[in-house]
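Single-structure report; data block below.
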Amino acid sequence: MKKWNKSKYSLVMLLLAVMLATSGCTSIVKEGTELLEEGNYTEAAEKFQESVDKGKDLGEAWRGLGICYWKEEDYEKAEKAFGNALQNGSEETATIYNMLGICALMTDKPEKAVYYFENGQEFPDAGQELLKEMSFNLIAAYEQVGDYQKAKEKLEVYLSLYPDDERALKEKEFLNTQVPSREE
């Protein structure tokens, strides 16, 4: 899986900060967010967990925990935390669904990943870069499921939009070994 670049991380952090600022979060969640922005994931997680334990701002606290676990590459805990965030009123966004999809891929749950990537693309907040990433991730999810035909179909659509994407061209070579082309 490709690591997040600095601009994607900054965008997620800005999104989190805006959502926290507009949701009237308590100082505990604000402290957690500041620690998260500083890269102090363990301390941030402690603050978010404190908010969860107190039953305060549950959606935002769980989202913060999810991001902390994500940054620490604990995808099992991140998936659970993001799920709890959504169950506790956190806004459903394309970013959260993409993160949930990647968590599912990284924890060998490709069917769930397909669900998150397909549905996440429907959210109006999905920008072009995120849609591109989710489309590519969906191909990987279908491969992990073992549905190479569906992966190849999604890849053909992807390449029609991004014909110079080198990763996708390599995927095409691989998928051509798994699924015969239509001309054959």
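Would you confirm whether or not region 80-93 contains a residue that is farther than 23 Å from D125 by Cα, at pLDDT 95 or above and assigned to a helix (DSSP H, G or I)? No: zero hits.
When the criteria are applied in full, G55 meets the requirement of being on the phi > 0 side of the Ramachandran plot and more than 12 Å from the chain's Cα centre (by Cα).
Of the residues making up region 51-81, those that are in contact with a Cys (Cβ under 7 Å, 6 or more places away or on another chain) and crowded, with 24+ Cβ neighbours inside 10 Å are D57, E60, A78, E79.
Scanning region 143-153 for residues that are under 13 Å from V179 (Cα atoms) and either small (G, A, S) or under 19 Å from the mean Cα position of the chain (by Cα) (or both) yields E143, G146, A151.
The values are calculated or read from the model by the stated rules, or taken from the named source; none is laboratory data. Computed from a predicted structure; not experimentally measured. Backbone-built Cβ (ideal geometry, glycine too); neighbour counts: all protein chains shown.
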